[in-house]
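Undergrad: Before I ask anything, here is the structure I am working with.
Derivation of every value follows stated rules applied to the coordinates shown; laboratory data play no part. What you see is a predicted model, and the numbers here were worked out from it, not measured in a lab. Here the Cβ is made from the backbone with ideal geometry for all residues, glycine too, and neighbour counts use every protein chain on show.
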C-alpha cells in the first residue's frame, strides 16, 4: 500500500512538473510555431496530466483544453501578447519578476533567489537570458527541486527536501504570483495566456500545500 501511495504521489508531482515547464517556457520565451502546434493546435493540453479541485486550476484547464483551429492566428495572438506583457521592447504590462512588485520584494533586486540557485549548483543557460527573479526561471528551478525530491529514497532526506521546496515557494513565488496573475487577467488579450497565468498560479498553490512542512513527509 505504501509503495502504491508513493507511486501515485510521484505521478502527481511529475504531472505538475510538466505543467510548470510548459507555463515557465511560455513566460520566458516568445512562442514558436512548433510550440503553438504541439500545445494548442494538436491538443496536447487537452490531456491535462493533473486534475485539481482548485477553482483557478479548473478555469485554466477549461481554457487550455480548447484546440486552436486557426494555427497562424493563434501564433500571432500569442506572440503579440508575449511582446505586450513581457518583452522589454513592449509596454511590459505584466512583468514576470518579483522585483517589479516592491511590496513583496524584501531584499535586493533578485531578493537573494540567486543564493538558492547557487546552493544547489544550478548552472542553467537560462540564467544568462533572464534575471534570476524571473518567474519562468523560478518555475524551471522548481521542477529541478521536485525532480531531486522524486529521486530520493531515504525518508529523512525526502523530508528535508520537502521543507526546502516549501521554503523556495514560500520565499520566492507564492507572495507575489497573485499580483502578477491579476495583471495577466487584466491585460492579456489571448485567452491562452490568461489560462497559462491561472495554471501557473494554481499549480504553485497546489504544490505549496503538498510540500508544506507541517504535513507528513
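Undergrad: So for the pair residue 9, residue 66, with labels modelled 7 Å out along Cα→Cβ, what separation do we get in nm?
TA: Going by the 7 Å Cα→Cβ label model, 3.8 nm.
Undergrad: Just 181, 198, 114 to compare: in a GNM of the chain, with alpha carbon springs under 10 Å, which one fluctuates most?
TA: Result: 114 has the largest fluctuation of those listed.
Undergrad: What relative contact order, as a whole-number percentage, does segment 75-217 give when Cα pairs under 8 Å and 6 or more residues apart are counted?
TA: It comes to 28 percent, rounded to a whole number.
Undergrad: Shifting gears a bit: Could you state the angle between the C-alpha long axis of helix 55-64 and the longest principal axis of the C-alpha atoms of the chain, as a value from 0 to 90 degrees rounded to the nearest 10?
TA: The angle comes out near 50 degrees.
Undergrad: Please report how far the C-alpha centroid of segment 19-80 lies from that of segment 99-170, rounded to the nearest whole angstrom.
TA: Comparing the Cα centres of segment 19-80 and segment 99-170, I get a distance of 24 Å.
Undergrad: Let me check the size of segment 159-217 from its C-alpha atoms; what are the radius of gyration and Dmax in Å?
TA: Taking only Cα atoms of segment 159-217, I get Rg and Dmax of 13.4, 42 Å.
Undergrad: How much mean residue ellipticity at 222 nm does the chain get from its helices, if each DSSP H run of length 4 or more adds -39500 (n - 2.57) and you divide by all residues, to the nearest 500 deg cm²/dmol?
TA: It comes out at -19000 deg cm²/dmol, rounded to the nearest 500.
Undergrad: Neighbouring Cβ atoms within 10 Å as the yardstick, rank 125, 67, 210 fewest first.
TA: Arranged by neighbour count, lowest to highest, 125, 67, 210 become 125, 67, 210.
Undergrad: Going by average Cβ density within 10 Å per residue, which order do the peptides 127-133, 88-94 take, highest to lowest?
TA: 127-133, 88-94
Undergrad: Let me ask you something else. I need 203, 126, 87 ordered by Cβ neighbour count within 10 Å, fewest first.
TA: 87, 126, 203
Undergrad: If you take Rg/Rh (Cα atoms, Kirkwood Rh) from the coordinates, which of [x] 0.94; [y] 1.00; [z] 0.96 do you get?
TA: The value computed from this structure is option [z].
Undergrad: Also, quick follow-up: Roughly how tilted is helix 155-172, in degrees to the nearest 10 and between 0 and 90, from the longest Cα axis of the chain?
TA: Its long axis makes an angle of about 40 degrees.
Undergrad: Please rank 95, 177, fewest neighbouring Cβ atoms within 10 Å first, as an exposure proxy.
TA: 95, 177
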